[in-house]
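Following: one structure in structure tokens, then a few remarks.
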Amino acid sequence: MKILLVEDDEQLAAALIEVLIDKQYYAVDAVTDGETGWAFMEATVYDLIILDIMLPKLDGISLCQRLRRTGSMTPVLMLTARDMSSDRVMGLDVGADDYVVKPFDLPELLARIRALLRRGNVNLLPILEWGDLFLDCSSCQVIYQQQPIHLTPKEYGLLDLLLRQQGKLVSRSTIIDRLWTFDDPPSEETVKVHLKTLRKKLKAVGAPADLVESVYGFGYRLKQI
């Protein structure tokens, strides 16, 4: 899942990015003002936008309103230090899906993020399966025949993306778009390296060596078992 974080508190943004990437395995673009946030929204498709209200250049209310006027239904979570009923009403009226007041409880915020991602994506099931392979989206655990597999965030993201397609092809460009940030695209060789290590870890717990199948010139898919 790919998230855009628009937050001008750099310390808070850094803490959230660390949790969202290293603990929850999301791909995260982060910007510190509303105008840059709008530029990212125009250039990239996101599964969720976390949006502070008090932003330089373009405030969060105006930014959310502008997004909704384009017809976009991307879930928006408002994040702000202002705990006034009128602010919450205004945010919801311009199209925000949820509203969290700072300081917030981190587990609650993560639960709200998961709920909005499920709402915005009908394919976001809590547990993904392929034969004896299971991925639990809530705990970010991967198990094959009751054996846990320890994956890096990128390996986890690759497997998550392949599992959601249920044997359909996933192109290399789609992998790059979904798993890497807007300003840090990888080389094709980098993608191949991550796929190679994912295959190695799957094979180590007894999965077929060709479970992740390459289709030359097209992309990758999970092989029918």
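The values are calculated or read from the model by the stated rules, or taken from the named source; none is laboratory data. Worth saying up front: this structure is predicted, and the values here are computed from it rather than measured. Counting neighbours? That spans all protein chains shown, and the Cβs are built from the backbone with ideal geometry, glycine included. Only protein heavy atoms, including side chains, enter the accessible area calculation; ligands, DNA and RNA are left aside. Shrake-Rupley method; radii C 1.70, N 1.55, O 1.52, S 1.80 Å.
Points to keep in mind about this one:
- Here the relative contact order of the chain, from alpha carbon pairs under 8 Å that lie six or more residues apart, stands at 16 percent.
- The helix-based estimate of mean residue ellipticity at 222 nm for the chain, built from -39,500 (n - 2.57) per DSSP H run of four or more residues and divided by its residue count, is -12500 deg cm²/dmol to the nearest 500.
- Just so you know, the Rg over Rh for region 21-91 is 0.96, from Cα atoms, with Rh as the Kirkwood radius.
- For region 145-182 and region 39-67, distance of Cα centres in Å: 27 Å
- Rg/Rg_ref, region 34-75, where Rg_ref = 2.2 N^0.38 Å and atoms are Cα: 1.03
- Remark: relative contact order (region 3-71) = 38 percent; criterion is Cα-Cα distance under 8 angstrom and separation of 6 or more residues.
- Using a probe radius of 1.4 angstrom, the carbon and sulfur fraction of the accessible surface of the chain is 52%.
- Accessible-area ranking of HIS150, HIS194, largest first, probe 1.4 Å: HIS150, HIS194
- Once all protein chains are placed together, ASP184 keeps about 90 Å² accessible to a 1.4 angstrom probe.
- Label point distance in nm, LYS196-ASP8, each placed 7 Å from Cα along Cα→Cβ: 4.6 nm
- Region 175-225, relative contact order [Cα under 8 Å, separation at least 6], %: 18 percent
- The fraction of Cα-Cα pairs per 10 angstrom bin, counted from 0 for region 141-217, comes to 17, 55, 25, 3 percent, rounded to whole percents.
- Crossing angle, helix 188-204 versus the chain [Cα axis fit, 0-90 degrees, rounded to tens]: 60 degrees
- Positive contributions from Lys and Arg (+1) and negative ones from Asp and Glu (-1), summed over other residues with Cβ under 11 Å from the Cβ of LEU109, come out at 0.
- Accessible area (Å², per residue) of the chain, counting only protein heavy atoms and a probe of 1.4 Å: 51 Å²
- Rg/Rh for the chain, where both radii come from Cα atoms and Rh is the Kirkwood radius: 1.00
- The packing ranking of peptides 101-108, 216-223, highest mean first, is 216-223, 101-108, where packing means the average number of other beta carbon atoms within 10 angstrom of each residue.
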